[in-house]
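Reviewing the structure listed below.
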Amino acid sequence: MNYMQAETILFVITAIAYLASAVLYILFFALKKEKPGEIAGYVLLGAFIVHTVALIVRSIGAGRLPLSNQYEFATSFAWGIALSYLFFARKKKYRALGTFVAPVIFIIIGYAAMQSREVNELMPALQSNWLFIHVSTAIISYGSFGVAFGGSLMYLMRDRIHETEFTRHYFPDKERLDVLNYRIISFGFLFLTLVIVTGAIWAQKAWGRYWTWDPKETWSLVTWIIYAIYLHLRITRGWRGKKAAWFAVIGFICVIFTYIGVNTWIPSIHSYA
């Protein structure tokens, strides 16, 4: 069995495990039973570990990091969301957040499954050490925004959840959830800034210009501006609550459009990823 066959098997196991985790989290949320949520957390962690091994195997088989085409970035994007969730929501108090994040991970991994897994030679513009720096910061940034998106959806639904002993244990109150989303977005914004800065430096080295107003560059800037407005209004005017949550939702929609929409519908020099 070669590396690519092994990676395919590991990818399928990963996708099934993420789906199982999403279903278990939904059952936990709907039935208000502790056991499905506890199992869901272990399944998600297991999926993340297998996913990590799959990415390592692909890296060995391809002879490079898996960061250079639609399939590779999509599976890495899903990995980044899982990593961010496991880091930010590791406390039992935030277990219900998995109900809103795990389905997002599965949708992204599902998108990856629809892309070509073929390993191609890197085009000259990608044969640079900046590839790892630029794309890895994007994975961390987008992954963080994915978790904040799930947290914002949960915040918008929080008023509809009846307060019980169960919810007090596993559902963060609105104030705590609002602060968590703010911290996650601040972290993601820092890395999104690094994405744009490193991309500009790389562009100058590859094409002789720091900025070309390419559609992906433009939409990355739009996304950065949306999150910058969110942080500015929160710091200067104390924006919290539903307004902040909706800003986070809109920001992640821009993230998805920057990645999938631009690549699918708009000609771009970044169409390979």
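Placing dummy labels 7 Å off each Cα toward the beta-carbon, the span from I235 to T8 is 5.0 nm.
Can you give the FRET efficiency for L86 and M157, using 1/(1 + (r/R0)^6), R0 = 22 Å, r = Cβ-Cβ distance, to the nearest 0.05? Here the calculated transfer efficiency is 0.50.
How much length is gained if the chain between W213 and I225 is pulled fully straight, taking 0.36 nm per residue apart and subtracting their Cα-Cα distance, in nm to one decimal?
2.8 nm
Each Cα pair under 8 Å and six or more residues apart adds its separation to the average, and for region 3-265 the resulting relative contact order is 18 percent.
With loop membership from DSSP and a limit of 15 other Cβ atoms within 10 Å, the longest segment of the chain without GluC sites (Glu not before Pro) is 1-117. Loop-located trypsin sites (Lys or Arg not before Pro) in region 66-141 (DSSP state other than H, G, I, E, B) with a sparse environment of at most 12 neighbouring Cβ atoms within 10 Å: R90, K91.
Taking Cα atoms of the chain, Rg/Rh with Kirkwood Rh, to two decimals? Could the numbers behind the result be given before it?
Details: Rg = 18.9 Å, Rh = 19.2 Å.
Using only Cα positions, Rg/Rh for the chain is 0.98.
Overall, the chain carries a charge dipole of about 860 debye about its Cα centre when +1 sits on the Cβ of Lys and Arg and -1 on the Cβ of Asp and Glu, all other atoms neutral. Listed by chain and number, the lysines whose alpha-carbon sits under 23 Å from that of K243, ignoring those within fewer than 8 places in the same chain, are K174. Against the chain, whose longest principal axis is taken from its Cα atoms, helix 130-157 shows a tilt of about 20°.
Kirkwood radius, region 1-124, all distinct C-alpha pairs, inverse of mean reciprocal distance: 14.8 Å. Relative contact order of region 1-149: 29 percent, from C-alpha pairs under 8 Å at least 6 residues apart in sequence. Annotation for region 18-66: trypsin sites (Lys or Arg not before Pro) lying in DSSP loop with at most 12 further Cβ atoms inside 10 Å of their Cβ are K33.
If we count every other residue with Cβ under 11 angstrom of E72's Cβ, Lys/Arg +1 and Asp/Glu -1, where does the sum land? All intermediate terms of the calculation are to be shown ahead of the outcome.
Values: positive: R58, R64, R117; negative: E7, E118.
Around E72, the charge tally is +1.
In this simple spin-label approximation, L31 and Q127 carry label points 7 Å from Cα along the Cα→Cβ vector, and these lie 5.6 nm apart. Over the chain, DSSP H runs of length four or greater, each weighted -39,500 (n - 2.57), average out per residue to a 222 nm ellipticity of -26000 deg cm²/dmol. Extending 7 Å from the Cα toward the beta-carbon at both R176 and E118 defines two label points whose distance is 5.1 nm.
For the chain, the longest principal axis of the Cα atoms and the long axis of helix 70-88 meet at an angle of about 40 degrees.
Every read-out reported here was derived from the displayed coordinates using simple, explicitly stated rules and does not represent laboratory data. Note that the coordinates shown come from a computational prediction; the quantities given were computed from them, not determined experimentally. Heads up, the Cβs are rebuilt from the backbone with ideal geometry, glycines too, and the neighbour counts pull from every protein chain shown.
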